[in-house]
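**Student:** Take a look at the following structure, please.
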Amino acid sequence: MSRSPITTAVILAAGMGTRLEGVTGGQIPKGLLPVQGRSLVERSLDKLERQGVVRTIIVTGHLGHFYEELARRRPGVETVCNPDYADTGSMASLAVAAPRIDAPFLLLESDLIYEQRGLRLLQETNLDDAVLISGFTKSDDEVFIEVDGARVAKMSKNRPDLGSVLGELSGLNKISPPLLSQMVELCRTNPMKQYHYEYALTDASAIRPVGFVFCGDLVWAEIDDAQHLERVERILLPRLNALGEE
């Protein structure tokens, strides 16, 4: 039996984006950074709509009023604010959105640029919970993923800390309500303020196995600083153009 399509997404967009201030001047949140005329978040919204998503929750914080204005002109988009964005990690932001979620959803980071295939693979998988793992990008800010059979075992930016590394965290994920509840509980009981959703995924996988979808040639990037942006403009955009996605 085929699964019902996922129609809800959450975009984590509360971060301060300090490493991009040389580009943004601190005047816009990093998810609204324009790349070839369109912001990163609006690119994601367009791709999510093409993939059948009709409701997207953007978790805001730093300069959140920009996203509130975006939601006013984009049907199906709503915002919720993490008031403690300056002192907490991304899992606290996801926890703020959790009361609004009662169905499987796609979880994205706000600073991504990627091909449509990434979302399609997550929509098509029969796994209840899945992290989309890419091949090695050599982007200089990778989160590597160690797997154990069919589940995610560990994640780290320091590859030597891991054993069998399959690839990298792409920032695109599929989450079920039971996994979300487990992640929120882990966040509530963890004393670390900067507890990120990646940590919660790894910790939860020891209790409720989190699967993965591997796409070794996925075209994607995260834009955290000016060098990442330069790499996207020089390498990623031509590849996305070649796929007919720009």
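So that you can scan it fast, the table gives a plain yes or no per residue for (1) more than 17 Å from the chain's Cα centre (by Cα); (2) at pLDDT 95 or above; (3) under 16 Å from Leu172 (Cβ atoms):
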{"site": "Leu48", "(1), (2), (3)": "no, yes, yes"}
{"site": "Ile58", "(1), (2), (3)": "no, yes, yes"}
{"site": "Leu63", "(1), (2), (3)": "yes, yes, no"}
{"site": "Asn82", "(1), (2), (3)": "no, yes, no"}
{"site": "Met91", "(1), (2), (3)": "no, yes, no"}
{"site": "Ile101", "(1), (2), (3)": "no, yes, no"}
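**Student:** Please name all residue pairs, on different chains or six or more residues apart, with Cβ atoms under 7 Å, provided the first residue is in segment 35-61 and is under 20 Å from Ile101 (Cα atoms) and free of Cβ contacts under 8 Å to residues at least 40 places away in the same chain and the second residue is of a type outside the set (A, V, I, L, M, F, W, C) and crowded, with 19+ Cβ neighbours inside 10 Å.
**Tutor:** Leu45/Thr56
**Student:** What is the number of the single condition among (1) of a type outside the set (Gly, Ala, Ser); (2) free of Cβ contacts under 8 Å to residues at least 60 places away in the same chain; (3) in contact with a strand residue (DSSP E or B) (Cβ under 9 Å, 6 or more places away or on another chain) that Pro178 does not meet?
**Tutor:** So the condition that Pro178 fails would be (3).
**Student:** Let me ask you something else. Of the residues Leu132, Leu162, which single one is closer than 30 Å to Arg231 by Cα and out of contact with any Lys or Arg (no Cβ under 7 Å at 6 or more places or on another chain)?
**Tutor:** Leu132
**Student:** Mind checking whether some residue in segment 38-45 is more than 16 Å from the chain's Cα centre (by Cα) and modelled with pLDDT of 95 or more?
**Tutor:** The answer is no; no qualifying residue exists.
**Student:** Restrict the check to segment 149-156 and report whether at least one residue is out of contact with any Asp or Glu (no Cβ under 8 Å at 6 or more places or on another chain), of a type in the set (Lys, Arg) and free of Cβ contacts under 8 Å to residues at least 60 places away in the same chain.
**Tutor:** Checking segment 149-156: not a single residue is out of contact with any Asp or Glu (no Cβ under 8 Å at 6 or more places or on another chain), of a type in the set (Lys, Arg) and free of Cβ contacts under 8 Å to residues at least 60 places away in the same chain.
**Student:** Please work out which residue is surrounded by the fewest Cβ atoms within 10 Å (Cβ to Cβ), limiting yourself to segment 185-240 and to residues that are outside any strand (DSSP E or B) and among the acidic types (Asp, Glu).
**Tutor:** If we filter segment 185-240 for residues that are outside any strand (DSSP E or B), which is where we start, we get 185-210, 216-219, 223-240.
This time we only want the ones that are among the acidic types (Asp, Glu), so: 185, 198, 203, 217, 224-225, 230, 233.
Details: Glu185: 14, Glu198: 22, Asp203: 17, Asp217: 9, Asp224: 19, Asp225: 19, Glu230: 12, Glu233: 13.
Of everything passing the filter in segment 185-240, Asp217 is surrounded by the fewest Cβ atoms within 10 Å (Cβ to Cβ).
**Student:** Looking only at segment 154-166, decide whether some residue is surrounded by fewer than 21 Cβ atoms within 10 Å (Cβ to Cβ), of a type in the set (Lys, Arg) and in a loop (DSSP other than H, G, I, E, B).
**Tutor:** Yes, some residue in segment 154-166 is surrounded by fewer than 21 Cβ atoms within 10 Å (Cβ to Cβ), of a type in the set (Lys, Arg) and in a loop (DSSP other than H, G, I, E, B).
**Student:** Looking at Thr60, Thr8, which is the one that is in contact with a helix residue (DSSP H, G or I) (Cβ under 7 Å, 6 or more places away or on another chain) and of a type outside the set (Asp, Glu)?
**Tutor:** None of the other options fit; the residue is Thr60.
**Student:** Could you check, for segment 132-147, whether at least one of its residues is of a type outside the set (S, T, N, Q), in contact with a strand residue (DSSP E or B) (Cβ under 9 Å, 6 or more places away or on another chain), surrounded by fewer than 17 Cβ atoms within 10 Å (Cβ to Cβ) and not in a loop (DSSP other than H, G, I, E, B)?
**Tutor:** Scanning segment 132-147 turns up no residue that is of a type outside the set (S, T, N, Q), in contact with a strand residue (DSSP E or B) (Cβ under 9 Å, 6 or more places away or on another chain), surrounded by fewer than 17 Cβ atoms within 10 Å (Cβ to Cβ) and not in a loop (DSSP other than H, G, I, E, B).
The values are calculated or read from the model by the stated rules, or taken from the named source; none is laboratory data. Just so it is clear, the structure is predicted and the values come from calculations on it, not from any experiment. Glycine gets a Cβ as well: all are built from the backbone with ideal geometry, and neighbour counts include every protein chain shown.
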